[in-house]
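Single-structure report; data block below.
Every read-out reported here was derived from the displayed coordinates using simple, explicitly stated rules and does not represent laboratory data. All values reported here derive from a predicted model rather than from experimental measurement. Note: ideal-geometry Cβ built from the backbone for every residue, glycine included; neighbour counts use all protein chains shown.
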Amino acid sequence: MVVTLPASGLPRAALHGLIEAYPFKPYRQYRSYSRREQHAILVADVEATLAARGEFSHSAGGDEPRAAAIARPLEWDSAYFGLPMGRIDYLLTTGEATVADRRAVITAACESARQAGLQHLTARVDVGDLETLAALEDAGFRMMDALSTYIMRPGKDVPRDV
């Protein structure tokens, strides 16, 4: 059995270590962002989610987490659709994360969402993270959508400074 803890309560050094080890950083396929910049983008995104009102994030692995589900309610979506909604923005894992670690943080996030009265929960997972995708499907999630990122038109736009 894997015990989960609130990710928002993790020492920032431990959380940043998990982020550093996570191989599926945003924009990793774009050469216009260095690894350092990708790391900074992910840190900022995770910190913003952890600061959101009602966040319900969890980690597995103790002081040096191997997995974390970084999640929050979706206020705009809930108001627009008239249904309490939330999203697991990131399912972060290290190379040492086990299937049990992934399942534990997903289960804990789902339970927290239920306790918060959310009736619809989505999760974002990188297409290359097949182990986490399988754990989500095992928990009852279905792959339903794709998110494409377009950052510039090669040959027409000058790469911007970041």
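Centre-to-centre separation between the Cα atoms of the range 15-64 and those of the range 102-117: 19 Å.
Bridge orientation summary for the chain: considering DSSP beta bridges with both residues in this region, about 75 percent are antiparallel. Looking at the range 1-96, the trypsin sites (Lys or Arg not before Pro) that sit in a DSSP loop and have at most 11 other Cβ atoms within 10 Å of their own Cβ are Arg31, Arg53. Helix by helix, which DSSP H runs in the chain go 18 Å or more along their axis at the Cα atoms and have an average Kyte-Doolittle hydropathy of -1.0 or more? TM-like helix candidates: 35-51, 99-115. Residue separation of Arg36 and Ala116 scaled by 0.36 nm, minus their Cα-Cα distance, works out to 25.3 nm of gained length. In this Cβ point-charge picture (+1 for Lys and Arg, -1 for Asp and Glu), the range 1-66 has a dipole of about 280 debye about its Cα centre. What the Cα convex hull of the chain gives, in volume per residue, is 129 Å³. Computed packing ranks the peptides 55-65, 133-143 as 55-65, 133-143, most packed first, by mean other Cβ atoms within 10 Å. What translational diffusion coefficient, in µm²/s and rounded to a whole number, does the Stokes-Einstein relation yield for the range 3-71 at 37 °C and a viscosity of 0.692 mPa s, taking the hydrodynamic radius as the Kirkwood radius over Cα pairs? Taking Rh from Cα pairs, D becomes 265 µm²/s.
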